[in-house]
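Inspection log for the structure reproduced underneath, given as structure tokens.
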Ligand code: AKB
């Protein structure tokens, strides 16, 4: 690329069009999103299509699309554990960047431990191996606050600390982080990752997580129902509004290679709140709204996770900053769920 830059500085486009064709081909991004119909995938696909053009973002999911993603651009049914299937799509569309979002989240993974391990690990190996074999250039893979466990510090949890996750999901994310770093160090794979907190959005519901209550509570409030929360009222967890999470994802992928100093996964902090605090922010707008608490098996998972996260490295290395407060998020959620 440096040689190409040097040549370009000496040659005008009109005189040497073939050199510019080479440059355009080199810089062209064709993005594949695996698990595009989920909570992050739906919004990320839309945002990336706006940025890079509808035809340059290929959405895939194990389920047929209901029209949400296929109406504006390419959509294919794809199982994230099918290596050959992914490779065929990579070759067919000349894919350069892959965002792997297919995963089984914390609560569901506790019910199906082996299925979760199989999906979460083998989908990652499929994509890392395609990058290792230079079929693709860049990989995004999400990790989670679930990599931390009961023995990690709870407040302002550091980037590097004791990590003894006690859930299947957390174990798979921690192992995945080690593999990402390994593939980067040993094979030079350009893989980038974020430890997402619980994500809150109105377009697509989350599926099978411990932080899902913070989405469901808005749906029940809008329907005029009282909310029965599956976590105890004082369970504080790290959370984030989806727009901030999508912006973080695109920012880390756009950052120059040299600025990505952590190749396992970056801590990312947005908000920290507990069920009472989110309830009170809703009650300010819907005064008749009521909540009660009936903790279930997800309480134990939540108790093992941090309350807040130290994201100094993400701020310093690639300029991360959270934008949306709890009050702003509640206003956005209630307005959009009402419409
Ligand atoms: C979950 O609750 O499992 C996810 C996560 C924190 O990764 N939202």
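Which condition number does residue 301 fail, the rest of (1) under 21 Å from the mean Cα position of the chain (by Cα); (2) away from the ligand (no atom under 16 Å from the Cβ); (3) in contact (Cβ under 8 Å) with a residue 12 or more places away in the chain; (4) in a helix (DSSP H, G or I) being met?
Unmet condition: (2).
Restricting to the range 304-319, and then to whatever is assigned to a loop (DSSP other than H, G, I, E, B) and within 16 Å of the ligand (Cβ to nearest atom), can you tell me which residue is farthest from the chain's Cα centre (by Cα)?
304
So residue 192 passes all but one of these: (1) within 16 Å of the ligand (Cβ to nearest atom); (2) under 25 Å from residue 116 (Cα atoms); (3) within 13 Å of the chain's Cα centre (by Cα). Which condition number does it fail?
Tallying (1) within 16 Å of the ligand (Cβ to nearest atom); (2) under 25 Å from residue 116 (Cα atoms); (3) within 13 Å of the chain's Cα centre (by Cα), residue 192 fails exactly one: (1).
Suppose we filter 152, 193, 166, 172 for residues that are in contact with a strand residue (DSSP E or B) (Cβ under 8 Å, 6 or more places away or on another chain) and either modelled with pLDDT of 95 or more or surrounded by fewer than 18 Cβ atoms within 10 Å (Cβ to Cβ) (or both); which single one remains?
On inspection, the qualifying residue turns out to be 193.
Where residues in the range 113-127 are touching a residue at least 40 places away in the same chain (Cβ under 8 Å) and either under 17 Å from the mean Cα position of the chain (by Cα) or within 16 Å of the ligand (Cβ to nearest atom) (or both), which of them is nearest to residue 98 (Cα to Cα)?
127
This table checks each residue for (1) in contact with a strand residue (DSSP E or B) (Cβ under 7 Å, 6 or more places away or on another chain); (2) farther than 15 Å from residue 196 by Cα; (3) surrounded by fewer than 20 Cβ atoms within 10 Å (Cβ to Cβ).
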{"residue": "252", "(1), (2), (3)": "yes, no, no"}
{"residue": "255", "(1), (2), (3)": "no, yes, yes"}
{"residue": "261", "(1), (2), (3)": "no, yes, yes"}
{"residue": "277", "(1), (2), (3)": "no, yes, yes"}
{"residue": "294", "(1), (2), (3)": "yes, yes, yes"}
{"residue": "299", "(1), (2), (3)": "no, yes, yes"}
{"residue": "319", "(1), (2), (3)": "no, yes, yes"}
{"residue": "335", "(1), (2), (3)": "no, yes, yes"}
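Regarding the range 85-98, can at least one residue be identified that is in a helix (DSSP H, G or I) and under 18 Å from residue 180 (Cβ atoms)?
yes
Of the residues 103, 131, which single one is within 21 Å of residue 190 (Cα to Cα) and touching a strand residue (DSSP E or B) at 6+ places or on another chain (Cβ under 8 Å)?
Selected residue: 131, the only one of 103, 131 that is within 21 Å of residue 190 (Cα to Cα) and touching a strand residue (DSSP E or B) at 6+ places or on another chain (Cβ under 8 Å).
Tally the residues that are over 22 Å from residue 173 (Cβ atoms) and in a loop (DSSP other than H, G, I, E, B), restricting the search to the range 257-295.
10
Please specify each residue of the range 199-256 satisfying the condition of being within 10 Å of the ligand (Cβ to nearest atom), modelled with pLDDT of 95 or more and assigned to a loop (DSSP other than H, G, I, E, B).
Once the filter is applied, which keeps residues that are within 10 Å of the ligand (Cβ to nearest atom), modelled with pLDDT of 95 or more and assigned to a loop (DSSP other than H, G, I, E, B), the range 199-256 yields 208, 209, 210, 211, 212.
Would you confirm whether any residue within the range 67-77 is surrounded by 15 or more Cβ atoms within 10 Å (Cβ to Cβ), modelled with pLDDT of 95 or more and out of contact with any strand residue (DSSP E or B) (no Cβ under 8 Å at 6 or more places or on another chain)?
Among the residues of the range 67-77, at least one is surrounded by 15 or more Cβ atoms within 10 Å (Cβ to Cβ), modelled with pLDDT of 95 or more and out of contact with any strand residue (DSSP E or B) (no Cβ under 8 Å at 6 or more places or on another chain), which makes the answer yes.
Could you count how many residues in the range 128-168 are over 30 Å from residue 94 (Cα atoms), within 16 Å of the ligand (Cβ to nearest atom) and assigned to a loop (DSSP other than H, G, I, E, B)?
Qualifying residue count, the range 128-168: 9.
For residue 322, all conditions in the list (1) farther than 30 Å from residue 257 by Cα; (2) assigned to a loop (DSSP other than H, G, I, E, B) hold save one; what is the number of the exception?
Every condition holds for residue 322 apart from (1).
List pairs: first in the range 318-339 and at pLDDT below 95, second surrounded by 14 or more Cβ atoms within 10 Å (Cβ to Cβ), Cβ under 9 Å, 6+ apart or cross-chain?
Qualifying pairs under 9 Å: 338/222.
The values are calculated or read from the model by the stated rules, or taken from the named source; none is laboratory data. Note that the structure is a prediction, hence the values are computed from the model and not measured. Every residue, glycine among them, receives a Cβ derived from its backbone with ideal geometry; neighbour counts consider all protein chains shown.
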